[in-house]
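Visitor: Following this message is one structure expressed as structure tokens.
The values are calculated or read from the model by the stated rules, or taken from the named source; none is laboratory data. Predicted model only: the values in this text are computed from it and were never measured. Here the Cβ positions follow ideal geometry from the backbone for every residue, glycine too, while neighbour counts run over all protein chains shown.
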Amino acid sequence: MASNPPPIILQSGNQPQHSIIWLHGLGADGQDFVPIAGELNLPVAVRYVFPHAPMRPVTINGGYVMRAWYDITQQPPSALTRTGSDAHQDAAGIRVSQAAVEVLIAQEVASGIAPGNIFLAGFSQGGAIVLHTGLRQATPLGGVLALSTYLPLAASAPDEMHAGTRATPIFMAHGRSDPVIPFKLGADSRDALQEFGYAVEWHEYAMQHSVCMEELRDIEVWLTRHLL
């Protein structure tokens with residue numbers, strides 16, 4: 001991500017002690033969720049970090065070059081398969097994006113934000129990266145918000161996740177009519193995370209592959225609870 005523009009950084013108040021690193025979906029950029037900062041009424045000052053995914057060819061889109069956290073070679077399956085399910089996923093790309101997010105986490109820690117006050121949030125492909133990354137942190141983070149997404153590299157997760165991250169709360173939300181990432185794939189990912197020992201708060205909405213106002217209010221309530 002060295003050639004990328006720097007992340008967009010916004011602060012909701014002076015000297016924030018909490019950070020939210022928010023990843024966009026396929027083909028968008030860091031601007032996509034900037035309006036969220038103005039929509040969420042949170043009880044403490046927060047620094048929002050909106051990074052840009054690198055430009056890369058995406059196989060499923062005919063090799064068209066766009067911002068993507070990893071390559072996609074085929075349509076997501078309708079359900080999560082934990083045995084051999086990593087075979088058709090861009091594991092290398094996912095891990096490169098994990099490393100990029102970990103650089104952002106380290107920068108927040110260096111600026112004085114405690115790891116337990118750092119939250120990862122992401123939509124769709126960005127949500128997959130924050131789930132993947134959150135499970136693999138040696139020091140638990142404040143929480144993970146995974147919106148309209150799924151658990152990537154599910155077969156490798158049990159061997160790679162840090163036991164301490166089971167203390168990391170997870171918010172998952174999905175549209176019941178999602179034509180991009182099937183609802184069942186999201187629900188199966190929730191079930192897998194719960195079986196791994198994570199506390200997952202699940203929300204579902206009458207929407208497709210998007211974010212709705214009811215969801216934003218639920219995110220606001222969840223964040224308020226975990227920010228204090």
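Visitor: When the residues of the stretch 189-228 are filtered to those that are hydroxyl-bearing (Ser, Thr, Tyr) and not in a helix (DSSP H, G or I), which remaining residue is surrounded by the most Cβ atoms within 10 Å (Cβ to Cβ)?
Guide: Taking the stretch 189-228 and keeping what is hydroxyl-bearing (Ser, Thr, Tyr), we get 189, 198, 205, 210, 224.
If we keep only those that are not in a helix (DSSP H, G or I) as well, we get 198, 205, 210.
On the way: Tyr198: 21, Tyr205: 19, Ser210: 15.
Among them, the one singled out is Tyr198.
Visitor: Kindly establish whether Thr133 is loosely packed, with under 14 Cβ neighbours inside 10 Å and among the polar types (S, T, N, Q). Spell out the reasoning first.
Guide: Details: loosely packed, with under 14 Cβ neighbours inside 10 Å: no; among the polar types (S, T, N, Q): yes.
The answer is no for Thr133.
Visitor: Next question, about the same structure. Within the stretch 1-26, which residues are in contact with a helix residue (DSSP H, G or I) (Cβ under 8 Å, 6 or more places away or on another chain) and part of a loop (DSSP other than H, G, I, E, B)?
Guide: Met1, Pro5, Pro7, Ser12, Gln17, His24, Gly25, Leu26
Visitor: Of all residues in the stretch 9-56 being β-branched (Val, Ile, Thr) and out of contact with any His (no Cβ under 8 Å at 6 or more places or on another chain), which is nearest to Gly122 (Cα to Cα)? Quick ask: steps written out before the conclusion?
Guide: From the stretch 9-56, those β-branched (Val, Ile, Thr) are 9, 20-21, 34, 36, 44, 46, 49; that's our starting set.
Then drop every residue that is not out of contact with any His (no Cβ under 8 Å at 6 or more places or on another chain), which leaves 9, 20-21, 34, 36, 49.
Working: Ile9: 16, Ile20: 10, Ile21: 8, Val34: 12, Ile36: 12, Val49: 11 Å.
My answer is Ile21.
Visitor: Determine which single condition Val144 fails, assuming it passes every other condition in (1) within 22 Å of Tyr70 (Cα to Cα); (2) surrounded by 18 or more Cβ atoms within 10 Å (Cβ to Cβ); (3) over 15 Å from the mean Cα position of the chain (by Cα).
Guide: So Val144 meets the others, but not (3).
Visitor: Here is a further query. Examine the stretch 32-50 for a residue that is out of contact with any Leu (no Cβ under 8 Å at 6 or more places or on another chain), among the acidic types (Asp, Glu) and in a loop (DSSP other than H, G, I, E, B), and state whether such a residue exists. Give the derivation first.
Guide: Residues of the stretch 32-50 that are out of contact with any Leu (no Cβ under 8 Å at 6 or more places or on another chain), as a first pass: 32-33, 35, 38, 41, 45.
Within this subset, residues satisfying the condition of being among the acidic types (Asp, Glu) are 32.
After this cut, where a residue has to be in a loop (DSSP other than H, G, I, E, B) as well, the list is none.
So far as the stretch 32-50 goes, no, none of its residues is out of contact with any Leu (no Cβ under 8 Å at 6 or more places or on another chain), among the acidic types (Asp, Glu) and in a loop (DSSP other than H, G, I, E, B).
Visitor: Okay, moving on. Can Tyr70 be described as part of a strand (DSSP E or B), at pLDDT 95 or above and under 23 Å from Val211 (Cβ atoms)?
Guide: Numbers: part of a strand (DSSP E or B): no; at pLDDT 95 or above: yes; under 23 Å from Val211 (Cβ atoms): yes.
It is false that Tyr70 is part of a strand (DSSP E or B), at pLDDT 95 or above and under 23 Å from Val211 (Cβ atoms).
So that you can scan it fast, the table gives a plain yes or no per residue for (1) farther than 24 Å from Ser189 by Cα; (2) of a type outside the set (Gly, Ala, Ser); (3) free of Cβ contacts under 8 Å to residues at least 40 places away in the same chain:
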{"position": "Glu108", "(1), (2), (3)": "yes, yes, no"}
{"position": "Ile113", "(1), (2), (3)": "yes, yes, no"}
{"position": "Ile118", "(1), (2), (3)": "no, yes, no"}
{"position": "Phe123", "(1), (2), (3)": "no, yes, no"}
{"position": "Ile129", "(1), (2), (3)": "no, yes, no"}
{"position": "Arg136", "(1), (2), (3)": "no, yes, yes"}
{"position": "Leu141", "(1), (2), (3)": "no, yes, yes"}
{"position": "Val144", "(1), (2), (3)": "no, yes, yes"}
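Visitor: Shifting gears a bit: Restricting to the stretch 130-188, name every residue that is under 22 Å from Ser19 (Cα atoms), touching a strand residue (DSSP E or B) at 6+ places or on another chain (Cβ under 8 Å) and in a loop (DSSP other than H, G, I, E, B).
Guide: The initial filter retains those residues of the stretch 130-188 that are under 22 Å from Ser19 (Cα atoms), namely 130-149, 162, 164-173.
Now drop any that are not touching a strand residue (DSSP E or B) at 6+ places or on another chain (Cβ under 8 Å), which leaves 130-131, 133-134, 141-149, 168-173.
Of everything in the stretch 130-188, those that are under 22 Å from Ser19 (Cα atoms), touching a strand residue (DSSP E or B) at 6+ places or on another chain (Cβ under 8 Å) and in a loop (DSSP other than H, G, I, E, B) turn out to be Leu141, Gly142, Ser148, Thr149, Thr168, Pro169.
Visitor: Residue pairs, Cβ under 7 Å, 6 or more apart or interchain, first in the stretch 200-216 and over 22 Å from Pro169 (Cα atoms) and among the polar types (S, T, N, Q), second surrounded by 15 or more Cβ atoms within 10 Å (Cβ to Cβ) and modelled with pLDDT of 95 or more. List them.
Guide: Correct list of pairs: Gln208/Gly175; Gln208/Asp178; Ser210/Gly175.
Visitor: So, one more: Filter the stretch 55-69 down to the residues that are in contact with a helix residue (DSSP H, G or I) (Cβ under 8 Å, 6 or more places away or on another chain) and free of Cβ contacts under 8 Å to residues at least 60 places away in the same chain, then identify the one that is farthest from Phe183 (Cα to Cα). Quick ask: steps written out before the conclusion?
Guide: Here is the first cut: in the stretch 55-69, the residues in contact with a helix residue (DSSP H, G or I) (Cβ under 8 Å, 6 or more places away or on another chain) are 56, 68-69.
Applying the additional criterion that residues be free of Cβ contacts under 8 Å to residues at least 60 places away in the same chain yields 56, 68.
Numbers: Arg56: 27, Ala68: 22 Å.
The selected residue is Arg56.
Visitor: Another question, if that's okay. So Thr149 clears everything in (1) in contact with a helix residue (DSSP H, G or I) (Cβ under 6 Å, 6 or more places away or on another chain); (2) under 30 Å from Asn14 (Cβ atoms) except one condition, right? Which one?
Guide: (2)
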